[in-house]
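Heads up, the thing below is written out as structure tokens.
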Amino acid sequence: MSPTGGGWRFGILMLVLLAPARPASARIDYSISIAHPDRHLFAVTMRVPDVRERLTLQMPAWNALYQIRDFSSHLLELAARDEAGNALGVLKLDKQTWEVAGNGLVAVSYSVYWDEAGPFASQLNPDHAFLNLAMVLLYIPSRRSEESRVGFEDVPGNWRVGVELEASEPADARRAVYTAPSYDALVDAPVEIGQFQELHFEAGGKPIRVVVHGDAGDAARLTDTLKRIVDYETSFMGGAPFREYLFVFHVGASFGGGGMEHANSTAIAGDTPSQLTGVSAHEFFHLWNVKRIRPRSLEPVDYTKEMYTRALWFAEGVTNSYEAYTLVRTGLWTSQQFYANWAGQWNELESRPARRWQSAEQSSLDAWLEKYSLYNRPEQSISYYNKGELLGFALDILIRDATDNRSSLDDMLRLLNDEYARRGRFYNESEDLRAAAETVIARSAPGVKADLREFFNRYVSGTDEMPYEEWLERAGWQLKPGGPRRAKLGFTFRRDAGDAQTLEGLEPGSSAEHAGLQDGDALLAINGEAVPRSSERWLRDHQPDERVTVKVRRHGEVKDYTFALDQTGSSYLIVEMPNPSEKQRRIREGILHGTTDASR
């Protein structure tokens, strides 16, 4: 999900070209003390060499989520001293920028308060510490390309550190030190510190580490699941782009759900171990799609303001497609589960009137509005995850159909990996994506007119209704109305970076409204359990008219409201055609198994 790290090499190059020359030994040193977990304060010291009269410091305004979150609002008591210990003048320039007057070596100290659970946040409490380092560490705008070193100090004796960075010196009982080639690389490595369970195995030809805070459940089953995911995705993408990979899992009701991709690791949360599977398949595929196969519009990273892109339908939505592909092709899903997910995505898009005016590209562009409750209503927006997944499946069918199943969407991803990721280049949103798909078709079917301009103009840039029945038929499937009745809550909810959920979009006349729920209620539980990360997936296990109890906090008072789930409008199923043609059957089997006629 994160746009902050996969393309840091390009950002580093630009900063090197623009920055003044500095000694080859220049390195920014950070020390982070976690001596007082009960106070939720990270105590940070930043040592900067070779300062020349003025030192400009900034705290990122955003990271991980496409939201301006102003991390500087958590920063306390910033002070600076020279090498002799003399206090230096500090002038705050704006909400996230400070200027220090000094020369030579300057030491900057401050504290940062964080106690927010989840993979998009940071937390320090008596149970553990978790850090997204961009939420904790200041940077120097003109010196982001310099080597960075971070030391974790005052680590409780029974805690360990889990991070995918190079250890720069042997760890002792209370201290661990790591080095990264730049600030950008440093903050693209989440850190777990605590009494975690650690698993090790090899997959994709490389070592894989798993760090679990909470209950990992059946460790052998978790390892087998992850090994299948890693082996499959690295195999079809042509090898692992990392030396070692780290999964950080937070398991328990207090952590909610979701995941955050990083250059060589991921942080994932789930209520139970079973919730980790799909998110792991999604986040691991981000190693290629968005971390390395990356739109130019997200480079170089600017931590101070929004970075707009029209390509999230591909970066996130097509990654959703590969989450589903990985699960069915590795046997972690049955074909029926795959069809149910696909139909669920179609039903979700159909339930959102905004699809008639908001395109997949515009939804991508508007990602920065997702923190506002009004924007998330069905009549206000669609999801680039949702429509992007459907577009990914459609592109796969169209490529296979045009090439008589000799090429596929897999070939398009491999081409993008070769042409952009491995060459350190970035693509120009839909223009280069269309060109890649057309190239794949032209290579496998020279006599076929490889022109996807209409597809991109009408369904990616435009808002024409997608002819999904026609597309499915090319692959031996049917879209049938009259699927099972689907339940709905009658409201949506917004989860902030700290994993708090707020009720919004309460539907007039819904059972939830009649029960007494109100927009703005803080959601605490549904049926006595943590509020699910995805209401869509939760509702698949529940039926219309089923009674549920929602616990909320309103004006400091906690209340329970019980009501019957409502029913959505028309829904659809995706089913196999009983008598497909030979070509339809080959395309259908190719999609389910990740093969083409050329690969057999």
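The values are calculated or read from the model by the stated rules, or taken from the named source; none is laboratory data. In this text the structure is predicted, and so the values were computed from the model without any measurement. Note: ideal-geometry Cβ built from the backbone for every residue, glycine included; neighbour counts use all protein chains shown.
Numbers below:
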quantity	calculated
Selected residue (only one of G509, G476, G482 is free of Cβ contacts under 8 Å to residues at least 40 places away in the same chain and on the phi > 0 side of the Ramachandran plot)	G509
Residue tally, condition over 30 Å from T309 (Cβ atoms) and in contact with a strand residue (DSSP E or B) (Cβ under 7 Å, 6 or more places away or on another chain), over segment 43-82	19
Among (1) of a type outside the set (F, W, Y); (2) in a loop (DSSP other than H, G, I, E, B); (3) in contact with a Phe, Trp or Tyr (Cβ under 7 Å, 6 or more places away or on another chain); (4) free of Cβ contacts under 8 Å to residues at least 24 places away in the same chain, the one test that G424 misses	(4)
Breaking point among (1) in contact with a Ser or Thr (Cβ under 9 Å, 6 or more places away or on another chain); (2) closer than 19 Å to D231 by Cα, for V290	(2)
Strands (runs of 3 or more DSSP E) wholly inside segment 472-536 containing at least 2 residues that are at pLDDT below 90 and of a type outside the set (V, I, T)	492-495, 501-504
Output for segment 427-454, where each listed residue is under 32 Å from the mean Cα position of the chain (by Cα), assigned to a loop (DSSP other than H, G, I, E, B) and in contact (Cβ under 8 Å) with a residue 24 or more places away in the chain	N428, L452
Residue pairs meeting the criteria (Cβ under 6 Å; at least 6 apart or on separate chains; first touching a residue at least 40 places away in the same chain (Cβ under 8 Å), in segment 513-531; second in a loop (DSSP other than H, G, I, E, B) and among the aliphatic types (A, V, I, L, M))	D519/L506
Matching residues, segment 256-278, being more than 11 Å from the chain's Cα centre (by Cα), outside any helix (DSSP H, G or I) and over 15 Å from R209 (Cα atoms)	G256, G257, A269, G270, D271, T272
Residue match in segment 304-316 (condition: at pLDDT below 95 and acidic (D, E))	no
Those strands (runs of 3 or more DSSP E) lying entirely in segment 118-204 with at least 2 residues touching a residue at least 60 places away in the same chain (Cβ under 8 Å) and surrounded by fewer than 21 Cβ atoms within 10 Å (Cβ to Cβ)	147-153
Scope segment 311-337; condition surrounded by fewer than 24 Cβ atoms within 10 Å (Cβ to Cβ) and not in a helix (DSSP H, G or I); matching residues	T330, G331, L332, W333, T334
Selection within segment 101-117 - outside any loop (DSSP other than H, G, I, E, B) and not small (G, A, S)	N103, L105, V106, V108, Y110, V112, Y113, D115
All positions within segment 364-405 that are in a loop (DSSP other than H, G, I, E, B), surrounded by 23 or more Cβ atoms within 10 Å (Cβ to Cβ) and either free of Cβ contacts under 8 Å to residues at least 24 places away in the same chain or of a type outside the set (S, T, N, Q) (or both)	I382
Hits in segment 34-65 - residues which are touching an Asp or Glu at 6+ places or on another chain (Cβ under 7 Å) and in a loop (DSSP other than H, G, I, E, B)	I34, A35, H40, A61
Candidates M307, M412 - the one that is assigned to a loop (DSSP other than H, G, I, E, B) and touching a residue at least 24 places away in the same chain (Cβ under 8 Å)	M307
Residue count for segment 205-252, restricted to those that are in a strand (DSSP E or B) and of a type in the set (G, A, S)	1
Residue match in segment 572-587 (condition: in contact with an Asp or Glu (Cβ under 9 Å, 6 or more places away or on another chain), within 18 Å of G344 (Cβ to Cβ) and not assigned by TED's automatic domain parsing to the domain that holds N405)	yes
Total residues in segment 415-462, condition surrounded by 14 or more Cβ atoms within 10 Å (Cβ to Cβ) and acidic (D, E)	4
Among the candidates V318, V328, residue that is among the β-branched types (V, I, T), closer than 22 Å to H282 by Cα and in contact with a Ser or Thr (Cβ under 8 Å, 6 or more places away or on another chain)	V328
Unmet criterion (only one of (1) outside the structural domain of T223 (by TED's automatic domain parsing); (2) of a type outside the set (S, T, N, Q); (3) in contact (Cβ under 8 Å) with a residue 24 or more places away in the chain; (4) closer than 19 Å to G392 by Cβ) for W333	(3)
When residues of segment 551-579 are limited to those that are among the acidic types (D, E) and within 19 Å of A530 (Cα to Cα), the one surrounded by the most Cβ atoms within 10 Å (Cβ to Cβ)	D560
Qualifying residues in segment 288-298 (those that are touching a helix residue (DSSP H, G or I) at 6+ places or on another chain (Cβ under 8 Å) and crowded, with 20+ Cβ neighbours inside 10 Å) - the one farthest from G259 (Cα to Cα)	P295
Listing of strands (runs of 3 or more DSSP E) fully contained in segment 545-600 that carry 1 or more residues being closer than 23 Å to D521 by Cβ and among the basic types (K, R)	547-554, 557-564
Residues being free of Cβ contacts under 8 Å to residues at least 12 places away in the same chain and closer than 21 Å to A394 by Cβ - total across segment 561-598	2
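Listed here are the residues, each with its yes/no results for (1) crowded, with 18+ Cβ neighbours inside 10 Å; (2) closer than 15 Å to S109 by Cα; (3) within 32 Å of the chain's Cα centre (by Cα).
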{"site": "S31", "(1), (2), (3)": "yes, yes, yes"}
{"site": "R39", "(1), (2), (3)": "no, no, yes"}
{"site": "A43", "(1), (2), (3)": "yes, yes, yes"}
{"site": "M46", "(1), (2), (3)": "yes, yes, yes"}
{"site": "L76", "(1), (2), (3)": "no, yes, yes"}
